[in-house]
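See structure below.
None of the figures in this text is laboratory data; all of them are computed from the coordinates on show. Quick caveat, the model's predicted, so the values are computed rather than measured. Methodologically, a virtual Cβ is constructed for each residue, glycine included, from the backbone with ideal geometry; neighbour enumeration extends over all protein chains shown.
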Amino acid sequence: MATKRTYDVAAYVWPSYTGDEPRTRMFWPEGNGEWETVRKATAKFPRHTWPRRPLWGYVNEADPRVMEMQIDAAADHGINVFIYDWYWYDRRPFLEQCLNNGFLAARNNDRMRFYLMWANHDVQSLWDLRLAHVADGNVIWRAAVDRPEFERIADRLIERYFKRPNYYTIDGKPVFMIYEQQNLLDGLGGAEATRDALDWFRGRAVEAGLPGLHLQMCAFQQSFRIAGAAGGPTASPTELVDLLGLDSVSHYQYVHFADIDREYDEIMVDVVAEWQRLDREYAVPYFAHVSMGWDANPRFQTLQRGIVRNNSPEAIERAFRQARAYVDAHPDQPPLITVNSWNEWTETSYLQPDDVHGYGYLEAARRVFVDEVG
């Protein structure tokens, strides 16, 4: 009997739908995280498809009982990995409660694996509906860290997360994705110093009993200052992967590389072409990425251009099949597909059921990654 084909369908998790951390009150003062923004979202033009509402309600995703329900729903529909956006600002973690108190405390979390994406971008006013329009230049927290701070972060990650039995690995090595390479370079002092820090990180993982680390780059920046000063030497993304010794590449969102103010099926033509280009140009594996959509208008009081149109469950199902075909064409790679996202409601890019499509997105995933797999 033939072995059933399996796919690692990994959905990003935006861990803001909880009011458990006091520092979130500066952005969402009502105390239930960015659900406040979702509840207040309004249509910006007559045929705008907002407001959308979650069928599961404005639940606290740091509640393990809530996460048990969500884990079952994800796993039953072929979503078997969560990639948690993970933050570190002002010398301490931020928005860890969804992961720590919710997912990791859920009694059924053995049904899913997880890994972390260090979302090391600066924080401006984007998350505050009252001030989102003045985000440019209004920096609240810087994300770049120096070597001593990097080592504190590394030790926390290894001890708290990487050793867990359901942490996602490739060749036995915990996968850790880094969102902004430029901030990493700036904080650590350029490419040579960053490579040294990452090599130390790998060694630290080995000292802790792990076989090493699998470091993954989020692809969206096109050029990098590698010596820490404006006007100095730069590197392309492919060159940076080699300089830093990174192990693989994937995307976070179509908006980072495609014109998204179009029909979803039109966007997918360019997306598939980008998968193929990166597959040719990188010396390390590229893992196909699917975004559910894009419309950031819930975060703003005035109209923001750039809205994916007709990202219906049927269109998403076609995208999932294209991603599955990419995996099948790369049998030498782990069968990983990244998806944006599980719950990015304020960017209108989510798998969770809503009052427009019901369970349509999850059912599309189930058909492609469960029902049709044999």
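Summary table
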quantity: Subset of the range 12-40 [touching a residue at least 60 places away in the same chain (Cβ under 8 Å), within 14 Å of Arg130 (Cβ to Cβ) and either part of a loop (DSSP other than H, G, I, E, B) or not hydroxyl-bearing (Ser, Thr, Tyr) (or both)]; calculated: Met26, Phe27, Trp28, Glu34, Glu36, Lys40
quantity: Selection within the range 329-342 - of a type in the set (S, T, N, Q) and surrounded by fewer than 23 Cβ atoms within 10 Å (Cβ to Cβ); calculated: Gln333
quantity: Hey, Val241 in a strand (DSSP E or B), more than 19 Å from Asp146 (Cα to Cα) and either touching a His at 6+ places or on another chain (Cβ under 7 Å) or among the β-branched types (Val, Ile, Thr) (or both) or not; calculated: no
quantity: Set Asp128, Asp85: member being in a strand (DSSP E or B), in contact (Cβ under 8 Å) with a residue 40 or more places away in the chain and either over 30 Å from Asp371 (Cα atoms) or acidic (Asp, Glu) (or both); calculated: Asp85
quantity: Residues of the range 68-82 classified as of a type in the set (A, V, I, L, M, F, W, C), surrounded by 19 or more Cβ atoms within 10 Å (Cβ to Cβ) and outside any loop (DSSP other than H, G, I, E, B), total; calculated: 4
quantity: Counted residues, the range 86-128 - those being in contact with a helix residue (DSSP H, G or I) (Cβ under 8 Å, 6 or more places away or on another chain), closer than 26 Å to Ala296 by Cα and of a type in the set (S, T, N, Q); calculated: 2
quantity: Those residues of the range 251-290 which are surrounded by 19 or more Cβ atoms within 10 Å (Cβ to Cβ) and of a type in the set (Ser, Thr, Tyr), in sequence order; calculated: Tyr252, Tyr254, Tyr264, Tyr286
quantity: When residues of the range 343-369 are limited to those that are acidic (Asp, Glu) and closer than 22 Å to Trp28 by Cβ, the one nearest to the chain's Cα centre (by Cα); calculated: Glu344
